[in-house]
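Scroll down for the structure; my scribbles are underneath it.
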Amino acid sequence: MGRAVGVIINPESGRGKGGRTAPELGAELHRRGIDAALLVAGSATEALAMAKKAVADGVDAIVAAGGDGTVNLGLQAVAGTDTPLGIIPLGTGNDNARLLGIPLDDLKAAIDIIADFKVASVDVAHLSTDSGEERWFLGVMSSGFDSCVNERANQMTWPKGEARYLRGILAELRTFKPVPYHVVLDGEELDDKGMLVAVGNGESYGGGMKVCAGARIDDGLLTVTWLHRLRKLEFLTVFPRVYKGTHITHPSVTQHLARKVRLEAPNQIAYADGERVGPLPVDVEVHPNGLRVIAPQGLVHAP
């Protein structure tokens, strides 16, 4: 065989698509001359330990076969190493696969990208909370309204999937109030109330919500999107515009570029790449060209 890769499989990704696709995925990679070790674990902690061991053992790449949560898990294993990260999108959101130009609904094309093994360097962000939590992320770190919705939705047992998130939005709208933020951008301090503040290395989350529209993964900068205080009715007209990225033209939305960002706000939880991190305050720093990825040729400059 040729290259050896460790493939993180999340059986639950894409409503079970990850588990159903695993045998086909392993066979296809093998057929293309890749020695693929399928890393299927019972928990995220176990999967991360398996991926880190594969990196330590000298695997040529870690491939995340799943959604954004699986990708973020793989990122924790390879960040700070020379081992590249590949993505085979099998989830429901797949924002980070979209960010790297990987086809979302074509398994063969995604496997072809892994087999071609074109490696590029992209920026990656690192965050840490005052409570000691640390995490790398590729896409967006969010706080405010959408994080409150996630907190609420994660506590619900019914309904399932996107319907639970929509129910969380409706429930949160009844009680949510603008949050007093203290934001430090490369040493510059800003204070104002806001509906949400998101820090983007990439531009989208939640299955194509371009909250940090215009963010680039090769500019060495973070894009901070701040939706300032709004009446709820107006908020309902602005928030859906994130799917096209046109919300950034609204007068209550500001964007800032920075290399280091600190967010402080009471009773707020940070989510990165859709994964719960912990309570604010949080510090975020971009690491230019800090991550090697397997991506379509011509994405960004090669390392």
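Observations on the model:
- Ranked from largest to smallest solvent-accessible area, with a 1.4 Å probe on the protein heavy atoms, HIS287, HIS30 come out as HIS30, HIS287.
- Listed residues GLY168, GLY274, GLY66, most fluctuating in the chain (Gaussian network, C-alpha, under 10 Å): GLY168
- Length added when fully stretched, ARG259-GLU285, from 0.36 nm per residue minus Cα-Cα: 8.8 nm
- For ASP82 and LYS232, the difference between the fully extended length at 0.36 nm per residue and the C-alpha to C-alpha distance is 49.3 nm.
- Overall form of the stretch 1-136 per C-alpha gyration tensor (a/c, 1.5; a/b vs b/c): rounded
- In degrees, nearest ten, helix 145-154 long axis to first principal axis of the chain (Cα): 60 degrees
- Here the chain was treated as a single set of alpha-carbon atoms; its pair distances binned every 20 Å from 0 give 35, 57, 9, 0 percent.
- Solvent-accessible area assigned to carbon and sulfur over the chain amounts to 50 percent, based on a 1.4 Å probe.
- Only protein heavy atoms count here; on that basis, with a 1.4 Å probe, THR237 has an accessible area of about 90 Å².
- Rough spin-label spacing in nm, given labels placed 7 Å along Cα→Cβ, for PHE117 and ASP186: 3.9 nm
- For TYR271, solvent-accessible area (1.4 Å; no DNA, RNA or ligand), Å²: 10 Å²
- Residue of ARG167, ARG292, ARG98 that the Gaussian network model of the chain assigns the largest fluctuation, springs spanning Cα pairs under 10 Å: ARG167
- Candidates GLN76, GLN255, GLN155, ranked by Gaussian network fluctuation over the chain, Cα under 10 Å, top entry: GLN155
- Sequence of ILE62, ILE113 from largest to smallest accessible area, 1.4 Å probe: ILE113, ILE62
- When the residues ASP105, ASP273 are ordered by accessible surface, computed with a 1.4 Å probe over the protein chains alone, the sequence from largest down reads ASP105, ASP273.
- Excluding ligands, DNA and RNA, the accessible surface per residue across the stretch 148-205 is 53 Å² with a 1.4 Å probe.
- Rolling a 1.4 Å probe over the protein chains gives LYS260 an accessible area of about 110 Å².
The values are calculated or read from the model by the stated rules, or taken from the named source; none is laboratory data. All values reported here derive from a predicted model rather than from experimental measurement. For neighbour counting, all protein chains shown are included, and Cβ atoms are generated from backbone atoms with ideal geometry for every residue, glycine included. All accessible areas refer to the heavy atoms of the entire protein, side chains included, with ligands and DNA or RNA removed. Shrake-Rupley method; radii C 1.70, N 1.55, O 1.52, S 1.80 Å.
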